[in-house]
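Down below is the structure, laid out as structure tokens.
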Amino acid sequence: MTTTKAVSKRLTFAEYLAYDDGTDTRYELVNGELIPMSLGSGQHGAIAEFLNVYLQAEILRLKLDWTSKQMLIGVRSPRAGKWDTSRIPDVVVIPLSQWRELKNREAVIELNEPPPLLVVEVVSESTKTVDYRAKRVEYNVLNIPEYWIVDPLTNKVTVFTLVEELYEPLEFVGGDHIQSQTFPDMALTVEQVLAAGDYR
């Protein structure tokens, strides 16, 4: 997701959860700093929406007790240091039971809770370094089994799969079918993902 300049005052995680500036702005917490999340480009939003709808359909087709949510679930990071970090991925897949628990409190997955099954980040010009470096490390440490980076800037999708506690990347381009351990029978190409929003 696209971010803009941070709000200056550093917050604890509890202060972040309670923070309300009276606007509809969503914030990630990065080392105690509030980072406003902008809407991003139309393509960015269209890709995230397309993937969320597609994954919801796959979950229903496979009759899995999971759900997919677009920008509704935060993931607290175990970064070292005094200040906390909490990300809001573009798309998150979690068990339905976990979603039911989050419905009755702040929708942030805590460090002592099971990690998401899959997270997706769509790259924007302003977030490419964070998506490829910082979030990769954070999601790896959280033991999130699968992390996708959808990059319309380079026309590729990178799927990171957790293998013996480290992420192993596979890159897909063009007409390649995206290979997912979470959705092994998925028939989705990079072209289809990057063309999201062209027809609606």
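Give all pairs with beta carbons closer than 8 Å in which a residue from the stretch 14-36 that is open to solvent by 60 Å² or more (accessible area, probe 1.4 Å) meets a residue that is of a type in the set (A, V, I, L, M) and not in a strand (DSSP E or B); count only pairs at least 6 apart in sequence or on separate chains.
Listed pairs, sorted by first residue: Tyr19/Leu11; Arg26/Met71; Arg26/Ile88.
Can Tyr54 be described as within 23 Å of Glu168 (Cβ to Cβ) and either open to solvent by less than 40 Å² (accessible area, probe 1.4 Å) or touching a residue at least 12 places away in the same chain (Cβ under 8 Å) (or both)?
On the way: within 23 Å of Glu168 (Cβ to Cβ): no; either open to solvent by less than 40 Å² (accessible area, probe 1.4 Å) or touching a residue at least 12 places away in the same chain (Cβ under 8 Å) (or both): yes.
Answer is no for this residue.
Looking at the stretch 116-200, what strands (runs of 3 or more DSSP E) fall wholly within it and have at least 1 residues that are under 22 Å from Lys69 (Cβ atoms) and of a type in the set (S, T, N, Q)? So that I can check it myself, show each step before the final result.
Values: elements: 118-122, 146-151, 156-163, 166-173.
It comes to 156-163.
Go through Pro184, Pro152, Pro115, Pro145 for me and flag whichever is open to solvent by 10 Å² or more (accessible area, probe 1.4 Å) and in contact with a helix residue (DSSP H, G or I) (Cβ under 6 Å, 6 or more places away or on another chain). Working first, answer last.
Details: Pro184 fails: in contact with a helix residue (DSSP H, G or I) (Cβ under 6 Å, 6 or more places away or on another chain); Pro115 fails: in contact with a helix residue (DSSP H, G or I) (Cβ under 6 Å, 6 or more places away or on another chain); Pro145 fails: in contact with a helix residue (DSSP H, G or I) (Cβ under 6 Å, 6 or more places away or on another chain).
None of the other options fit; the residue is Pro152.
Which one of these is of a type in the set (A, V, I, L, M), assigned to a strand (DSSP E or B), over 15 Å from the mean Cα position of the chain (by Cα) and on the phi < 0 side of the Ramachandran plot: Leu60, Leu34, Leu111, Leu64? Give the derivation first.
Numbers: Leu60 fails: assigned to a strand (DSSP E or B); Leu111 fails: assigned to a strand (DSSP E or B); Leu64 fails: assigned to a strand (DSSP E or B).
Matching residue, one of Leu60, Leu34, Leu111, Leu64: Leu34.
The values are calculated or read from the model by the stated rules, or taken from the named source; none is laboratory data. Computed from a predicted model, the values in this text were never measured in an experiment. Please note: Cβ atoms are built from the backbone with ideal geometry, for glycine as well, and neighbour counts cover all protein chains shown. To get the accessible areas, we keep the full protein, side chains included, count just its heavy atoms, and leave off ligands, DNA and RNA. Shrake-Rupley method; radii C 1.70, N 1.55, O 1.52, S 1.80 Å.
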